[in-house]
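Participant: One structure coming up, written as structure tokens, with questions to follow.
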Amino acid sequence: MRTCLAVVLAAGEGKRMKSRRPKVLHPIGGLPMLFHVLNAVDEAADRMVVVAAPSSEAEIAGALAKAYPDAQVCVQQEQRGTAHAALMARAAFAGADDVIVVFGDTPFVTSQSIARMRGELAQGASVVVGGMRPGDPAGYGRLIMEGDQLVAIREERDASDAERAIEFCNGGLMAFDGATALDLLDAIGDGNDQNEFYLTDAVAIAHARGLKVNAVEIAADEVLGINDRAQLADAERLFQASRRAAFMADGVTLVAPETVFFAHDTVLARDVVVEPNVIFGPGVRVADDVTIRAFSYLEGASVEVGTTIGPYARLRPGAVVGEGAHIGNFVEIKQAEIGAGAKVNHLTYIGDASIGAKTNIGAGTITCNYDGAAKHRTEIGEAAFIGSNSSLVAPVTIGDGAYVASGSVITEDVPVEALAFGRARQVNKPGRAAGRGKKS
């Protein structure tokens, strides 16, 4: 089996982003665009090297340490072109049968396209280029073909009128046979008006040496590069359109698809209904037959079968909503488990808590989980009733079947099936309201 090295070029400074964040760490669908690329190449590659600029090395390395701890980071000290960047990974080339070079700002590249290019290498090609046919080829390098062989990539500024008429363009994705890759890259010179070493020059060098050079056509969107905020927004649009179509094809109802936004890892099961203006942050899993009503926001949450969420609900990380539960309008759940059939329907905050099955949480209830220094838990049993406008001061436990009277401040545990009052006794003062509001 052929071994594969993936070299991901992420050394672009991204000045057009006007951001302190490295360009390749800007998110699409809640995931850095670099990670979209790495997810695709990881299926093919035995090793991955990310080439970063000095200004972004630390931040990129920090991000990779969590998600891709085995990925190596190399630094391109001077920005001297794409071939120069690829050669920063020189030491990693040893032992690789295939070398794939991709750009860290092309988040839609797929493992299938990489596999097709590697297939050409396995059939004897020394260089394989990913080509595309964009709607407007202006600005792209043109692929100069002779029969089924690629002989050169001509940058538009250097192209003749006839060459500019070519619609088959360079997509940036390249693959090299490991046996000849370093020789080809080392042979690239900087004799151009930018005084840079261009990866694309490897095509003409390989052709001149009689090596086989192929082009594989891939979709233009797959190699869409991102250089500024407008292109980032366009990439997000394409990502969301793809996710919406995929979910609807899998049996999810989106009432107003264009108003619903997903993260890269959102999971929705069959017969989920999503009403307008719902946002899914990272880490959400929704089971069958769930309805998510309008203007809700979910992140890091798990929602079980047959529940109803919203409208205007917020599920924060650690929220687990059990089967058949109801989470209503203006309710926020954080680091809390809501039992099967429980109801939290109105104007409520439940944080660092466990709510038992079939318990009812009245409007305006708050779990007071933070004392200014540490978080504490509230434990509520099954079939309990928490009256409206109650404050539950954690740490506190309320037993199965207990009843907390409306307006209570609960600071002590409530036993099973007990009735708890935690409010001041009402006092009426006859006549004291007479004349209220009259001018003196």
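Participant: Could you say whether any residue in the range 256-266 is of a type in the set (Asp, Glu), out of contact with any helix residue (DSSP H, G or I) (no Cβ under 7 Å at 6 or more places or on another chain) and either at positive phi or modelled with pLDDT under 95 (or both)? I'd like the intermediate steps shown before the answer.
Facilitator: The initial filter retains those residues of the range 256-266 that are of a type in the set (Asp, Glu), namely 258, 265.
Next, only the ones that are out of contact with any helix residue (DSSP H, G or I) (no Cβ under 7 Å at 6 or more places or on another chain) stay: 258, 265.
Now drop any that are not either at positive phi or modelled with pLDDT under 95 (or both), which leaves none.
No, because not a single residue in the range 256-266 is of a type in the set (Asp, Glu), out of contact with any helix residue (DSSP H, G or I) (no Cβ under 7 Å at 6 or more places or on another chain) and either at positive phi or modelled with pLDDT under 95 (or both).
Participant: Oh, and also: Among the residues of the range 262-294, how many are under 21 Å from residue 336 (Cβ atoms) and among the aromatic types (Phe, Trp, Tyr)?
Facilitator: Residues flagged as under 21 Å from residue 336 (Cβ atoms) and among the aromatic types (Phe, Trp, Tyr) within the range 262-294 amount to 1.
Participant: Could I ask something else about it? What's the number of the only condition in (1) in contact with a helix residue (DSSP H, G or I) (Cβ under 7 Å, 6 or more places away or on another chain); (2) more than 16 Å from residue 204 (Cβ to Cβ); (3) not hydrophobic (A, V, I, L, M, F, W, C) that residue 142 fails to meet?
Facilitator: All conditions are met except number (2).
Participant: Consider residue 215 against the criteria (1) outside any loop (DSSP other than H, G, I, E, B); (2) out of contact with any strand residue (DSSP E or B) (no Cβ under 6 Å at 6 or more places or on another chain); (3) not β-branched (Val, Ile, Thr): it satisfies all of them except one. Which criterion is unmet?
Facilitator: Of (1) outside any loop (DSSP other than H, G, I, E, B); (2) out of contact with any strand residue (DSSP E or B) (no Cβ under 6 Å at 6 or more places or on another chain); (3) not β-branched (Val, Ile, Thr), only one is false for residue 215: (2).
Participant: Out of curiosity, is residue 249 under 23 Å from residue 27 (Cα atoms), surrounded by fewer than 17 Cβ atoms within 10 Å (Cβ to Cβ) and of a type outside the set (Lys, Arg)?
Facilitator: On the way: under 23 Å from residue 27 (Cα atoms): no; surrounded by fewer than 17 Cβ atoms within 10 Å (Cβ to Cβ): yes; of a type outside the set (Lys, Arg): yes.
So residue 249 fails the test.
Participant: Give the residues of the range 128-159 that are under 33 Å from the mean Cα position of the chain (by Cα), in a loop (DSSP other than H, G, I, E, B) and free of Cβ contacts under 8 Å to residues at least 60 places away in the same chain, sorted by residue number.
Facilitator: 136, 137, 138, 139, 140, 141
Participant: Would you mind stating whether residue 245 is part of a helix (DSSP H, G or I), within 18 Å of the chain's Cα centre (by Cα) and aliphatic (A, V, I, L, M)? Write out each step before concluding.
Facilitator: Numbers: part of a helix (DSSP H, G or I): yes; within 18 Å of the chain's Cα centre (by Cα): yes; aliphatic (A, V, I, L, M): yes.
In short, yes.
Participant: Within the range 269-284, is there a residue that is assigned by TED's automatic domain parsing to the domain that holds residue 369, polar (S, T, N, Q), under 23 Å from the mean Cα position of the chain (by Cα) and outside any strand (DSSP E or B)? I'd like the intermediate steps shown before the answer.
Facilitator: Going through the range 269-284, the residues assigned by TED's automatic domain parsing to the domain that holds residue 369 turn out to be 269-284.
Filter again for polar (S, T, N, Q), leaving 277.
Next cut, under 23 Å from the mean Cα position of the chain (by Cα) only: 277.
Still in the running and outside any strand (DSSP E or B): 277.
Yes - at least one qualifying residue is present in the range 269-284.
Participant: Among the residues of the range 1-34, which ones are assigned to a strand (DSSP E or B) and over 21 Å from the mean Cα position of the chain (by Cα)?
Facilitator: Here is the first cut: in the range 1-34, the residues assigned to a strand (DSSP E or B) are 4-10, 27-28, 31-32.
Within the range 1-34, 4, 5, 6, 7 meet the criteria.
Participant: Among the residues in the range 8-23, are any touching a Phe, Trp or Tyr at 6+ places or on another chain (Cβ under 7 Å) and closer than 12 Å to residue 105 by Cβ? It would help to see each step written out before you state the result.
Facilitator: Step one: filter the range 8-23 for residues touching a Phe, Trp or Tyr at 6+ places or on another chain (Cβ under 7 Å), giving 9.
Cutting the leftovers down to closer than 12 Å to residue 105 by Cβ gives us 9.
Checked against the condition, which is being touching a Phe, Trp or Tyr at 6+ places or on another chain (Cβ under 7 Å) and closer than 12 Å to residue 105 by Cβ, the range 8-23 yields at least one hit.
Participant: Sticking with this structure for a sec: Residue 141 - would you say it is at pLDDT below 95 and either in contact with a Lys or Arg (Cβ under 7 Å, 6 or more places away or on another chain) or surrounded by fewer than 16 Cβ atoms within 10 Å (Cβ to Cβ) (or both)? Quick ask: steps written out before the conclusion?
Facilitator: Working: at pLDDT below 95: yes; either in contact with a Lys or Arg (Cβ under 7 Å, 6 or more places away or on another chain) or surrounded by fewer than 16 Cβ atoms within 10 Å (Cβ to Cβ) (or both): yes.
Yes: the conditions hold for residue 141.
Participant: Please pick out the residue among 372, 422, 431, 399 that is farther than 21 Å from residue 331 by Cα, at pLDDT below 95 and crowded, with 17+ Cβ neighbours inside 10 Å.
Facilitator: Numbers: 372 fails: crowded, with 17+ Cβ neighbours inside 10 Å; 431 fails: crowded, with 17+ Cβ neighbours inside 10 Å; 399 fails: at pLDDT below 95.
It is 422.
Participant: Now a separate question. Being surrounded by fewer than 23 Cβ atoms within 10 Å (Cβ to Cβ), free of Cβ contacts under 8 Å to residues at least 12 places away in the same chain and of a type in the set (S, T, N, Q) is the requirement here; does residue 123 meet it? Show your work before the answer.
Facilitator: Working: surrounded by fewer than 23 Cβ atoms within 10 Å (Cβ to Cβ): yes; free of Cβ contacts under 8 Å to residues at least 12 places away in the same chain: yes; of a type in the set (S, T, N, Q): yes.
Yes.
Participant: Considering only residues that are over 37 Å from the mean Cα position of the chain (by Cα), assigned to a loop (DSSP other than H, G, I, E, B) and among the aliphatic types (A, V, I, L, M), which ones fall in the range 160-208?
Facilitator: 165, 187
Participant: Would you check if residue 50 is part of a loop (DSSP other than H, G, I, E, B) and under 25 Å from residue 188 (Cβ atoms)?
Facilitator: On the way: part of a loop (DSSP other than H, G, I, E, B): no; under 25 Å from residue 188 (Cβ atoms): yes.
The answer is no for residue 50.
Participant: Now for a different question. Scanning the range 63-90 for residues that are charged (D, E, K, R) and touching a helix residue (DSSP H, G or I) at 6+ places or on another chain (Cβ under 8 Å), which turns out surrounded by the fewest Cβ atoms within 10 Å (Cβ to Cβ)? Please lay out each step first, then the result.
Facilitator: Keep residues of the range 63-90 that are charged (D, E, K, R), which gives 66, 70, 78, 80, 90.
Checking the rest, the ones that are also touching a helix residue (DSSP H, G or I) at 6+ places or on another chain (Cβ under 8 Å) come to 78, 90.
Working: 78: 11, 90: 15.
Residue satisfying both the conditions and the ranking: 78.
Participant: Filter the range 78-127 for residues that are in a loop (DSSP other than H, G, I, E, B), more than 15 Å from residue 5 (Cβ to Cβ) and either of a type in the set (Lys, Arg) or modelled with pLDDT of 95 or more (or both) and give the result.
Facilitator: Result: 80, 104, 105, 106, 107, 108, 109, 110, 123, 124, 125, 126.
Participant: Of the conditions (1) at pLDDT 95 or above; (2) in contact with a His (Cβ under 6 Å, 6 or more places away or on another chain), residue 197 clears all except one; give me its number.
Facilitator: (1)
Participant: Can I ask one more? Being over 15 Å from residue 14 (Cα atoms) and either surrounded by fewer than 22 Cβ atoms within 10 Å (Cβ to Cβ) or outside the structural domain of residue 39 (by TED's automatic domain parsing) (or both) is the filter; apply it to the range 50-62 and report the residue that is farthest from the chain's Cα centre (by Cα). Outline the logic, then answer.
Facilitator: Here is the first cut: in the range 50-62, the ones over 15 Å from residue 14 (Cα atoms) are 50, 58, 61-62.
Filter once more, so that each one left must be either surrounded by fewer than 22 Cβ atoms within 10 Å (Cβ to Cβ) or outside the structural domain of residue 39 (by TED's automatic domain parsing) (or both): 58, 61-62.
Working: 58: 21, 61: 18, 62: 17 Å.
Top of the filtered list is 58.
Participant: Would you call residue 10 crowded, with 21+ Cβ neighbours inside 10 Å, in contact (Cβ under 8 Å) with a residue 24 or more places away in the chain and over 26 Å from residue 241 (Cβ atoms)? Reasoning before the result, please.
Facilitator: Details: crowded, with 21+ Cβ neighbours inside 10 Å: yes; in contact (Cβ under 8 Å) with a residue 24 or more places away in the chain: yes; over 26 Å from residue 241 (Cβ atoms): no.
Criteria not met by residue 10.
The values are calculated or read from the model by the stated rules, or taken from the named source; none is laboratory data. As the structure is a computational prediction, the values presented were derived from the model and not from experiment. All Cβ positions, even for glycine, are placed from backbone atoms using ideal geometry, and neighbour counts span all protein chains on display.
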